[in-house]
Each structure stands twice: as structure tokens, then as C-alpha cells.
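See structure below.
The values are calculated or read from the model by the stated rules, or taken from the named source; none is laboratory data. Keep in mind that this is a model prediction, so the values were computed, not measured. Counting neighbours? That spans all protein chains shown, and the Cβs are built from the backbone with ideal geometry, glycine included. Calculation scope for accessible area: heavy atoms of the full protein, side chains included, ligands and nucleic acids excluded. Shrake-Rupley method; radii C 1.70, N 1.55, O 1.52, S 1.80 Å.
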Amino acid sequence: MRVLLMGAGGVGTAITRIAARRMFFDEMVVADYDLGRAQAAVHAVGDARFTAERVDAGDSAAIVALIRRTRADVLVNAVDPRFVMPLFEAARVAGVTYLDMAMSLSRPDRDSPYTRCGVKLGDAQFAQSGAWTENLALVGMGVEPGLSDVFARHAADELFDEIDEIGVRDGGNLTVDGHEFAPSFNIWTMIEECLNPPVVWERGRGWFTTAPFSEPEIFDFPEGIGPVQCVNVEHEEVLLIPRWVPARRVTFKYGLGEEFIRTLRMLHQIGLDRTEGIIVPGPHGPVTVSPRDVVAAALPDPATLGARMRGKTCAGTWIRGTFRGAPREVYLYHVVDNEWSMSEYGCQAVVWQTAINPVVALELIAAGTWTGTGVLGPEAFPARPFLDLLTAYGSPWRLRELPAATPLPAAA
């Protein structure tokens, strides 16, 4: 297998360090708009299978040319969601396997954004499903979405006879020394998903939206993290899981914390979450800038924060339903301690936890364990081989049994 990895930021760099320990691929070309960054990622692994290239992720034609020149079999998208469609379309034109960790962007309904869906996450990709008749586009294969979706499929396959609700719950106790506000993941993406209307899915109703940060709940996270307030946030799992896993309700809630929510609301109130350009004075005359890009540039790069981060991050999927006639409630989860990921890989916990999952998926594809054509989510594949291989990578997942709640009443 020859891999073209687009993006040498925090997640892309972590992908190279994890993949370098595995032998399932022959070559990995690391491509980035900043050639120096791609070269730094390649140099750090010290493996002849890795080479660096410069390319613009927004230029589909250039990506197609690079795929053909490097004879890549698969394109892995590790850049931010603004570039999903150019990369997705380049892989389709070139006739190679495509894998991403975030899906095409949504667009809220203009008239009723907090009750009705507009363009949903991934809609642009699923609209092209008919064109992927000979190749696979594996979408949403990070940690969330990604591993969380694998957990949902595993629950349906092995743990439940009927599922009432699937709720992805993400939380942690990470802190960053010396920073009052320093997100541990790409702030551009976090603003996008946190301030857009969250999506909920219910059987008989389908997808609908609610207000940002709605339905707060306290979720008790494992391995010493403890209780964290979680709120509804727009995320791909709600758009993916119902396509393949039978459930009566699907949600995604993020443990953001009150301070983070206040900061995001403030950015929205003063217009700094906007992506469209505004004209501002510059040293050589007026220039057009995106307010959200300015916010991202003003904050520290999450990939550089690892040495000052403390604590753990937890990604997981909570499921309730029935098994063998009795109520059951479980939380399937994966925890990464920042101290461990930094000492073992030199990568902070959040980007490392995101990066390991596409590498595991690539190995399953290379082995022929996961096969298919079309635009498919992680739920479309058997979960057990993925979970077993994740454990073999030295990063095991866990299951916590919870006190079983009464099942939801039967749908009318």
C-alpha cells in the first residue's frame, strides 16, 4: 500500500509516528502547503518509507497529479474540514481509496436553524455516493467521529438486542500550564462544530436541530476524570450512526466546561466566529481577512502544547437498551493520558487519540479485512477486528457497565 497523507499538522504528524511502527504499507508521502512542516514530520520518524511534498489542499487538480505521480493507493485527509471536498473529489477522479476524519461542512437552515436541518455534515459527500462504484471513501474515521462509531456498531453486534439510545460523550480533565485559554484541538473546527446548531436523530422524526449547548447533563467519565458537564454539539456521529446502526435516538454531547462555552459565545457575539472576509487596515493598505482565521492565528498551535498539558482525554459511546430481555446500559471508551502519549510518541493526547484510528483503519484495509465501495462510515464495517487491532497497537479500549435505566416506552 502507498499512502498520500495530506496535512502535516498535529494529527498528520501523529499519524506518521504511529504508522512508522507498523509494516502494512510500503510508502507514505506526507504533503502540506508548508513544505518545511512536511519535511519536519518525515525527518522526525527517520524511516525511508516516508517522503515530503508541497501541495495546496484546495487545488484538486494538483492533488490528482500528485496522486498519479506518487502512485498512491489511498489518500488520507488530515487537514481541516474546509478542504474535505477538494480532496474527496481528487481521490474520486484519481480512482483511489479516500479516508478522512471530519466530513464536508454543514450549512444551517436559513429560516429555522434551531429546529430544522439545512445542509448536514457529510451531505455533499453522500450526494456523490453513486460515483464511488469502484473505490471506497471511508468518511469520519478519526476518534470522534470514528472510534465512537465503531463502538456503536460493536454494541449493536455483540452487546444489545435492541438499542434505545446511542450517545457519544466526550470529556477530559486536560489543562495547559501558562494559558488561560488554549484549546487542545483545532480552534477553527471547534468554533464550527460548537456554534452551529447541534443535530439530534430520532426514529420516526429523523434529523432535527436544537440550540447550541442545549440539554446540559453531568456525565461521570472513567479513570479519574470524574463528572463533567456535557452539552449538545454538532458532530458527524449523529449523521453517520443512524445510517447503519438501529437505534431509537442518537446524540452527541461534549464536555466543554463553562469557561470554554462563555468564550465561544463571546466570539460569536462580537463576530469573531465569522468565516467570510472583512476589510481591515494594513501596513500597505486595506486587506481582507477572516475573523475566525485571526482567532486561530492568535492562539497557540494545539500540536505544540503537549509539554505543558496535564491530564487525560476520554472519547466514548454510551448506549442503553435491552439485552436478553433485561435493561442494559454501558459506556465504551478510550482514554489517553497526555504524559504517556508525550513520552511514547512526542504527541499531545488529543491529536494522538485522533491519529491512531485512521492508521488502524488503513491496516485493516491493507489486509483486506475492511473492504467495500461507495461512501461509507466506520459503522459499515465489522467492529471487532478494529477493536482487537487497536488493543494490539498498545492502546486498549474499555467497557463500563452502568446501572440500567428503564427502557424508553415503545414508539407509537
Legend entry - Under Karplus coefficients 6.51, -1.76 and 1.60, residue-wise ³J(HN,Hα) of segment 256-273 in Hz, glycine/proline x: 8, x, 4, 5, 5, 4, 4, 5, 4, 5, 5, 4, 5, 4, 9, x, 7, 8
Inset, instruction - Whenever you get a sec, compute what percent of the accessible area on the chain sits on carbon and sulfur atoms (1.4 Å probe). - result: 51 percent
Legend entry - Of the GluC sites (Glu not before Pro) in segment 64-172, those whose Cβ has at most 13 other Cβ within 10 Å and which sit in DSSP loop: GLU134
Inset, instruction - Only loop residues by DSSP count here, and only those with at most 12 other Cβ atoms within 10 Å; note down the trypsin sites (Lys or Arg not before Pro) in segment 1-87 that meet that. - result: ARG21, ARG71
Legend entry - Neighbour net charge for PHE160 - beta-carbon separation under 12 angstrom, K R +1, D E -1: -2
Legend entry - In Hz, Karplus ³J(HN,Hα) per residue of segment 383-390 (6.51, -1.76, 1.60; θ = phi - 60°; x = Gly, Pro): 7, 4, x, 5, 5, 5, 6, 4
Inset, instruction - Send over a whole-number figure in Å² for the accessible area per residue of the chain, probe 1.4 Å. - result: 41 Å²
Legend entry - Three-way shape call for the chain based on the alpha-carbon gyration tensor, with the a/c threshold at 1.5: rounded
Inset, instruction - Quote to one decimal, in nm, the extra length available between ARG308 and VAL93 on full extension: 0.36 nm per residue of separation minus the C-alpha distance between them. - result: 73.1 nm
Inset, instruction - Using label points projected 7 Å from each Cα along Cα→Cβ, tell me how many nm separate VAL287 and GLU217, to one decimal. - result: 4.6 nm
Legend entry - Theoretical ellipticity at 222 nm over the chain - DSSP helices of four or more residues, -39500 (n - 2.57) apiece, nearest 500: -9000 deg cm²/dmol
Inset, instruction - Report the antiparallel proportion of the DSSP beta bridges in the chain as a percent, rounded to a multiple of 5. - result: 60 percent
Inset, instruction - Mind putting a number on the dipole of segment 283-389 about its Cα centre? Charges go on the C-beta only, +1 for Lys and Arg and -1 for Asp and Glu, and I need it in Debye to the nearest 20. - result: 380 debye
Legend entry - Length-normalised contact order of segment 1-57 in % [C-alpha pairs under 8 Å, at least 6 apart]: 38 percent
